[in-house]
Amino acid sequence: MTVVVNGEAVDIEGPATVAGVLRRMNVPVDAAGVAVARNGEVVPRSSWNAVAVVPGDRIEVLHAVQGG
Amino acid sequence: MSDDLVIAGERFTSRLILGTGGAPSHEVLAHALEASGAEVVTVAMRRVSRGAGGSVLDVIERAGVRVLPNTAGCYTARDAVMTARLAREALRTDWVKLEVIADDRTLLPEPLELVAAAEQLVDDGFTVLPYTNDDPVLARRLEDVGCAVVMPLGAPIGSGSGIRNPYNLRIILENASVPVILDAGIGTASDAAVAMELGCAAVLVASAITRAAEPVLMAEAMRKAVEAGRLAHRAGRIPQRLYAEASSPTSGIADLRSRAG
């Protein structure tokens, strides 16, 4: 299935979870300083393994950078 | 005598907050942070890019200072609230430097969205540090909705043009019962000193340090300027006068006329 991760279409084998998307992005699921939004809602770290993604989901994976 | 900065019950020795945007490298940032003496450091939240090496968080953690995520790049209350929630999730802090801007040319705060976002974030339990216009009425509204501080701009972000409206800043300072932190506009050390002399509780400096030809030297200059300005404020300056007032005694002056006449 195709989901949109950080604005780019990504093919991922279904069924998948948020944690699966992160692995696909090479982001370790224990990475410090990372947060995830799915379709405009925060997915808490404690739910990464549980929350399923479905085709067309918009996933944002953010971290802290220099700024402000 | 202790003269700590207190924000939401937390005490800081330094009154200089460092914005990390624009530093040429993490290494320069680490040295500038050390030279600045800052105990609070801002970061932005952005998309993870594959293969990104090293994190600004490593620099901040090594220095043992408080991280203050911002909502830079947000144009609406909704986006700013979401960004703050993501930052809280990523960085495990409920402190947020709230920025809601109106357009990308002026980067000026959008006042209606700013107040709406501040209200929502305070309700959500955040400690909100809002970047605001130098508008005394807006500053009061932000305080009323429960912001921990107000952070009026001296001039637009990155403009380096100092405090364009010191009169408005004085009105904000006179009426605020939360710390007033000058945010944005500082170009060089004297600007920071002026802000502190006027009575600001702290200043936030980013570009003026990170984009200086020698960021580490400028960080040290800013630290000293903030300290000097704070001391001058506490010391109480003399009034400004149009005419001179002699500092040497006006009595006991010798008669040095010649004998002639």
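The values are calculated or read from the model by the stated rules, or taken from the named source; none is laboratory data. None of the values given here were measured: they were computed from a predicted structure. For neighbour counting, all protein chains shown are included, and Cβ atoms are generated from backbone atoms with ideal geometry for every residue, glycine included. Keep in mind that these areas ignore ligands, DNA and RNA; they rest on the heavy atoms of the full protein, side chains included. Shrake-Rupley method; radii C 1.70, N 1.55, O 1.52, S 1.80 Å.
Looking only at the stretch A:5-17, count how many residues are touching a residue at least 12 places away in the same chain (Cβ under 8 Å), away from chain B (no Cβ under 12 Å) and not in a loop (DSSP other than H, G, I, E, B).
Here the count works out to 2.
Which of (1) surrounded by 14 or more Cβ atoms within 10 Å (Cβ to Cβ); (2) in contact with a strand residue (DSSP E or B) (Cβ under 8 Å, 6 or more places away or on another chain); (3) within 18 Å of B:T127 (Cβ to Cβ) is the odd one out, the single condition B:V6 does not satisfy?
(1)
Surrounded by fewer than 18 Cβ atoms within 10 Å (Cβ to Cβ), more than 13 Å from chain A (Cβ to nearest Cβ) and touching a helix residue (DSSP H, G or I) at 6+ places or on another chain (Cβ under 6 Å) - does that describe any residue in the stretch B:94-106?
Yes, the conditions are met somewhere in the stretch B:94-106.
Select, from B:A30, B:A80, B:A116, B:A38, the only residue that is more than 12 Å from chain A (Cβ to nearest Cβ), in a helix (DSSP H, G or I) and over 27 Å from A:G7 (Cα atoms).
On inspection, the qualifying residue turns out to be B:A116.
Can you name the condition, by its number, that A:L62 falls short on among (1) within 19 Å of B:V56 (Cα to Cα); (2) modelled with pLDDT under 90?
With (1) within 19 Å of B:V56 (Cα to Cα); (2) modelled with pLDDT under 90 applied to A:L62, the lone miss is (2).
Report the residue count in the stretch B:212-261 for those that are in a loop (DSSP other than H, G, I, E, B) and open to solvent by less than 60 Å² (accessible area, probe 1.4 Å).
Count: 2.
Do you know which residues across the stretch B:125-177 are β-branched (V, I, T), within 23 Å of B:A193 (Cβ to Cβ) and assigned to a helix (DSSP H, G or I)?
Scanning the stretch B:125-177 gives B:I171, B:I172.
Suppose we filter B:R62, B:R88 for residues that are open to solvent by 20 Å² or more (accessible area, probe 1.4 Å), touching a residue at least 24 places away in the same chain (Cβ under 8 Å), more than 9 Å from chain A (Cβ to nearest Cβ) and part of a helix (DSSP H, G or I); which single one remains?
B:R62
Mind checking which residues of the stretch B:178-206 are of a type in the set (G, A, S) and assigned to a helix (DSSP H, G or I)?
B:A189, B:S190, B:A192, B:A193, B:A195
Report yes if B:L57 is more than 27 Å from B:V180 (Cβ to Cβ), within 13 Å of another protein chain (Cβ to nearest Cβ) and at pLDDT 95 or above, otherwise no.
no
Can you tell me which condition A:V5 does not meet? The list is (1) farther than 19 Å from B:A80 by Cβ; (2) open to solvent by 50 Å² or more (accessible area, probe 1.4 Å), and all the others hold.
A:V5 satisfies all of (1) farther than 19 Å from B:A80 by Cβ; (2) open to solvent by 50 Å² or more (accessible area, probe 1.4 Å) except (2).
Which pairs do you get when a residue that is farther than 12 Å from B:L68 by Cβ, found in the stretch B:119-131, comes within reach of a residue that is among the hydroxyl-bearing types (S, T, Y) and open to solvent by 40 Å² or more (accessible area, probe 1.4 Å), reach meaning Cβ atoms under 8 angstrom, with the pair 6+ apart or on two chains?
From residues that are farther than 12 Å from B:L68 by Cβ, there are no pairs.
Residue-by-condition table, conditions (1) open to solvent by 10 Å² or more (accessible area, probe 1.4 Å); (2) over 19 Å from B:R92 (Cα atoms); (3) at the interface with chain B (Cβ under 9 Å from one of its Cβ atoms):
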position: A:M25; (1), (2), (3): yes, yes, yes
position: A:P28; (1), (2), (3): yes, no, no
position: A:A31; (1), (2), (3): yes, no, yes
position: A:V36; (1), (2), (3): no, no, yes
position: A:P44; (1), (2), (3): yes, no, yes
position: A:S47; (1), (2), (3): yes, no, no
position: A:A50; (1), (2), (3): yes, yes, no
position: A:D57; (1), (2), (3): no, yes, no
